[in-house]
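Taking it in order: structure first as structure tokens, then the write-up.
The values are calculated or read from the model by the stated rules, or taken from the named source; none is laboratory data. Everything quoted here is computed from the prediction, not taken from an experiment. Cβ: placed from backbone, ideal geometry, glycine included. Neighbour counts: every protein chain shown. Please note that ligands, DNA and RNA were not included when accessible areas were found on the heavy atoms of the full protein model with its side chains. Shrake-Rupley method; radii C 1.70, N 1.55, O 1.52, S 1.80 Å.
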Amino acid sequence: MLESLYLNLGQHDVLSDEEKALLAGAMSFEKDFSTGQDLVSAGSRPTYSTLILEGLAARYKVLEDGGRQFTSLQVPGDFVDLHAFLLKTMDHGTVALSPCRVIIAEHSRLRVITEDAPHLTRLLWLDTLVDGAIHREWIVAMGRRSKTAHLAHLVCELFVRLQVVKRTSGMSFHLPLSQAELADVLGLSVVHMNRVIGALRKVGVISWANYTVTILNWHRLQAIAEFDPTYLSMVREPR
């Protein structure tokens, strides 16, 4: 049930059986969300953190005029709101972009981990630091990369993150996003989004059909994106 979490944390450092048992013991119950439902709502004060077991979700902010901006995508093995343990009040929401199954980790049980298991605490801390690194990369992409490079970077990032939790098949992965939702990620109109996808198809680096993205030329895609996975801290070393 928690294999994706173990894989996610275990990419950074060895996760012991005892630490896996502590994580399992922090979980209370599973819950299902349908597409479009908030896993966590802005302004709420959750007493638990939510781990994705299956599905795709996005953190987002809504402007006064109703415009929505996604600020990150969350995949299996991700806590969508681990930071809520300390922040208390959520300043953004997280929405299901596909049917999602999650499991709840009570903050009272996470507190016990922070008091009794320092190494596991550091790994959970690192998980939130990687979240911050992803946000920085998204800001750079939004402000400085061409839209084609921005999309290429997103595809590279999702592929390596999903590969860690064994949600890829060869060079393909499932991405259940409409072009309108993808436009909310890149900050584009739907028409412009279609052109950007077409540009990557035209140079032969990806195919994209029926919500499946296949990378046809990884090295060229990586070059277009200027993708360097260092920010994901995927080297296993003592933490």
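Here are a few things to note about the model shown:
- Amide H contacts for T71 (H built 1.01 Å from N in the peptide plane; partners 5 or more residues away or on another chain; cut-off under 5 Å): R59, Y60, K61.
- Here the range 118-239 is treated as an ellipsoid with the same Cα gyration tensor; its semi-axes, largest first and in whole Å, are 27, 16, 13.
- Rolling a 1.4 Å probe over the protein heavy atoms of the chain, with every protein chain left in place, gives an accessible area that is 55 percent carbon and sulfur.
- Taking amide hydrogens as placed 1.01 Å from N in the peptide plane, the amide H of L39 sits under 5 Å from those of T94, V95, A96, each at least 5 positions away in sequence or on another chain.
- Put simply, the amide H of T212, placed in the peptide plane, has neighbours under 5 Å in L175, leaving out anything fewer than 5 places away on its chain.
- Counting only Cβ charges, +1 for Lys and Arg and -1 for Asp and Glu, the dipole size of the chain around its Cα centre is about 800 debye.
- Projected area averaged over orientations for the range 169-236, convex hull of C-alpha atoms, nm²: 5.5
- √(5λ) per eigenvalue of the Cα gyration tensor, the range 37-102, largest first, Å: 18, 16, 9
- What you get for the range 1-100, charging only the Cβ of Lys and Arg (+1) and of Asp and Glu (-1), is a dipole of about 340 debye around the Cα centre.
- The distance from the alpha carbon centre of the range 39-96 to that of the range 218-238 is 25 Å, rounded to a whole number.
- Under 14 Å, Cβ to Cβ, from Q74 - net charge with Lys/Arg +1 and Asp/Glu -1: -4
- Close Lys pairs in the chain (alpha-carbon distance under 30 Å; sequence gap of 8 or more, or different chains): 12.
- Mean projected area (nm²) of the alpha-carbon convex hull when the range 64-138 is viewed from all directions: 6.3
- The residues of the chain expose on average 47 square angstrom of accessible surface per residue, using a 1.4 Å probe on protein heavy atoms.
- Rounded to whole numbers, the Karplus 3J(HN,Hα) couplings from phi for the range 70-85 are 7, 10, 5, 10, 10, 10, x, x, 9, 7, 7, 8, 4, 5, 5, 4 Hz, using 6.51 cos²θ - 1.76 cosθ + 1.60 with θ = phi - 60°, and x at Gly and Pro.
- Chymotrypsin sites (Phe, Trp or Tyr not before Pro) restricted to DSSP loop in the range 47-117 with at most 12 other C-beta within 10 Å: none
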